[in-house]
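Heads up, the thing below is written out as structure tokens.
The values are calculated or read from the model by the stated rules, or taken from the named source; none is laboratory data. Note that the structure is a prediction, hence the values are computed from the model and not measured. Positions of Cβ are backbone-derived with ideal geometry, glycine not excepted, and every protein chain shown enters the neighbour counts. Calculation scope for accessible area: heavy atoms of the full protein, side chains included, ligands and nucleic acids excluded. Shrake-Rupley method; radii C 1.70, N 1.55, O 1.52, S 1.80 Å.
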Amino acid sequence: MNYQNTLEFAQQADQQDALREFRQRFFIPQVNGKDSIYFTGNSLGLQPKTVQSYIQQELNDWAQYGVEGHFHAKNPWFSYHEIFPAQVSKIVGALPEEVVVMNQLTVNLHLLMVSFYRPTKERYKIICEAKAFPSDQYAIETQVAFHGFSKDAIVEIAPREGEHTLRTEDILSVIDAHKDSTALVLFGGVNYYSGQVLDMRTITEAAHKAGALCGFDLAHAAGNIELKLHDWQVDFACWCSYKYMNSGPGGVSGAYIHQQHLNNKTLPRFAGWWGHTKETRFQMKSGFDPIPTAEGWQLSNAPVLSMAAHKAAVDIFDEAGMPALVMKGKQLSGYLQFILNEMNEQSGQKVVEVITPSEEAARGCQVSLLMLVRGKEVFKTLMDRGVIADWREPNVIRVAPVPLYNRFEDVWQFGQIIKEVLATAAVS
Ligand SMILES: *Cc1c(COP(=O)(O)O)cnc(C)c1O
């Protein structure tokens, strides 16, 4: 796209946007009686207007059938989760049998580490990013301790001095340096702070070459960027559905396990009855016999009400299609970067540093702004003017214009507000 920092350009881009009608399918939060500029779809995606009727269907079936709803509901609860793999596998680039929707993200991360972090005396380390999302840090820390290892089992990779993102070459050299002692390489596919998209294919290849397994937390990647988990040979991954996937607060999570591991009944697991072979599940016998798909990692029967919201959201993804969403997401974040760069040029000094990579392959929807001047004041004005964004101490504003419901005009407005604040005299 040939960006221009004008309202006309933004409005024209919106008119020509093939996805523009999707905005109508969501409730846009109101601020001061107007549509907000909602830029926190990376934290909690907006509610599809269809969610209510999807949940109502299950409430009606529960009222009408009681326990018989397991088999007689319109979408029988017994097999409710089975409606997801066909659609969700397209979002993460997997085979349907490699995907299951279950639990919450951190729970799934633990369950997958039970199977895929199997340290030995020689090979016990986990290579991960420094300052990973806290829940991931705690999961890693306690998994390591659970196996009787100490903190030296955790090898963290940080950006170089003065940089904000990781270099693939640095990740590869750390993997190589620990190649005889590493059990698992585990990263966030998209960093929650910087918005950087990692080169998951290359990292997976390097992990395997070192004799380790490789997994990704895709909380900020699923529904945001193009993923090809199966082709990249990623061993396992998990994600939440309430960020880019709009499935509601605390919504169900997804998990992926590569096909090559699905039939491996010797993998350790923390099992439950819903992972047991369906044919003999209700014989209630002892002796766990896992389903030979990702479903074999399930513990419990499906949380149908929260899955109904997920179904409403996933149906919209199916209609829009990931390729179109990915393309528009990158255009929106590219437009935002263009506007911020222009602001720096026109200010005669750098007022904002974009810490998200500018290369298309290394970014999705999110743009993280390190405010070099008057950050708090800018953020406060943004909030007052109806922008919903995210502030991280000491001075980072994270914004995510998402393709399903954000517009180029939102991005332009955002830039205008910052420009107006910086054009006024500093308050103190
Ligand atoms: C959002 C997020 C989580 C949240 O975990 P829950 O178990 O869903 O509460 C965990 N890890 C990462 C990387 C996240 O971005």
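Restricting to DSSP loop positions (anything but H, G, I, E, B) with no more than 14 other Cβ atoms inside 10 Å of their own Cβ, which chymotrypsin sites (Phe, Trp or Tyr not before Pro) remain in segment 14-92?
Answer in residue order: F27.
Regarding segment 219-349, what's the average projected area of the Cα-atom convex hull, expressed in nm²?
Taking a quarter of the hull surface, the average projection is 11.6 nm².
When we measure straight from the Cα of K350, which aspartates and glutamates land under 13 angstrom away, once same-chain ones fewer than 8 places off are left out?
By straight Cα distance, K350 reaches E342.
Rounded to the nearest whole Å², what accessible area per residue is found for the chain with the 1.4 Å probe?
Spelled out: the 1.4 Å probe surface of the chain, per residue, equals 44 Å².
Accessible area of T168, 1.4 Å probe, to the nearest 10 Å²?
In the full protein context, T168 sits at about 50 Å².
Give me the dipole magnitude in Debye, nearest 20, for segment 53-319 about the Cα centre, with unit charges on the beta carbon: positive for Lys and Arg, negative for Asp and Glu.
Taking the Cα centre of segment 53-319 as origin, the dipole is about 580 debye.
Can you pull the percent of segment 1-159's accessible area that's carbon plus sulfur, 1.4 Å probe, other chains left in place?
Using a 1.4 Å probe with all protein chains present, segment 1-159 comes out at 53 percent carbon and sulfur.
Report for the chain the percent antiparallel among DSSP-assigned beta bridges with both residues inside it, nearest 5.
60
With each pseudo-label sitting 7 Å past Cα toward Cβ, what's the Q283-L372 distance in nm, one decimal?
7.0
Between E420 and F27, what FRET efficiency follows from the Cβ-Cβ distance if R0 is 25 Å, with the result rounded to 0.05?
Using R0 = 25 Å, I get an efficiency of 0.35.
Can you tell me the orientation of helix 168-177 relative to the chain, as the angle in degrees between its alpha-carbon axis and the longest Cα principal axis, to the nearest 10?
40
How much mean residue ellipticity at 222 nm does the chain get from its helices, if each DSSP H run of length 4 or more adds -39500 (n - 2.57) and you divide by all residues, to the nearest 500 deg cm²/dmol?
Counting only the DSSP helices, I get -11500 deg cm²/dmol.
Starting from the Cα gyration tensor of segment 304-428, take the square roots of the eigenvalues, sort them a ≥ b ≥ c, and report rounded, prolate or oblate (rounded when a/c is under 1.5, otherwise prolate if a/b is larger than b/c, else oblate).
It is prolate, given that a/c is not under 1.5 and a/b is the larger ratio.
Which loop-located trypsin sites (Lys or Arg not before Pro) does segment 1-52 contain, where loop means any DSSP state but H, G, I, E or B and the Cβ has at most 13 other Cβ atoms within 10 Å?
Taking segment 1-52 and a limit of 13 other Cβ atoms within 10 Å, the loop trypsin sites (Lys or Arg not before Pro) found are K49.
Counting Lys +1, Arg +1, Asp -1, Glu -1, what net charge surrounds A362 among other residues with beta carbon under 12 Å of its beta carbon?
Around A362, the surrounding residues sum to 0.
I want the local charge near D289. Using Cβ-Cβ distances under 14 Å, sum +1 for each Lys or Arg and -1 for each Asp or Glu among the other residues.
Local charge sum for D289: +3.
Given segment 53-319, what count of lysine pairs have C-alpha atoms under 16 Å apart, with each pair 8 or more places apart or on different chains?
So the count works out to 12.
What is the sum of charges around V99, taking Lys and Arg as +1, Asp and Glu as -1, for the other residues whose C-beta is under 10 Å from the C-beta of V99?
-2
Of the trypsin sites (Lys or Arg not before Pro) in segment 181-255, which ones lie in a loop per DSSP and count no more than 13 other C-beta atoms within 10 Å?
The qualifying sites are K228.
What does the C-alpha gyration tensor say about the overall shape of segment 1-55? Classify as rounded when a/c is under 1.5, otherwise prolate if a/b is larger than b/c, or oblate.
Taking the square roots of the gyration eigenvalues as a ≥ b ≥ c, segment 1-55 is prolate.
Pick from Q337, Q283, Q57 the residue whose mean-square fluctuation is largest in a GNM of the chain, springs joining Cα atoms under 10 Å.
In this elastic network of the chain, the residue with the biggest mean-square fluctuation among Q337, Q283, Q57 is Q283.
Roughly what angle does helix 51-65 make with the longest principal axis of the chain, taking Cα atoms, 0 to 90 degrees, to the nearest 10?
30
Sort D235, D199 by accessible area with a 1.4 Å probe, largest first.
Result of the area sort, largest leading: D199, D235.
Apply the a/c threshold of 1.5 to the C-alpha gyration tensor of the chain and tell me whether it is rounded, prolate or oblate.
Since a/c reaches 1.5 but b/c is at least a/b, the shape of the chain is classed as oblate.
Show which aspartates and glutamates lie in cross-link reach of K328 when reach means a straight Cα distance below 14 angstrom and same-chain residues fewer than eight apart are skipped.
Output for K328: D14, D17, E21, E226, E360, E409, D410.
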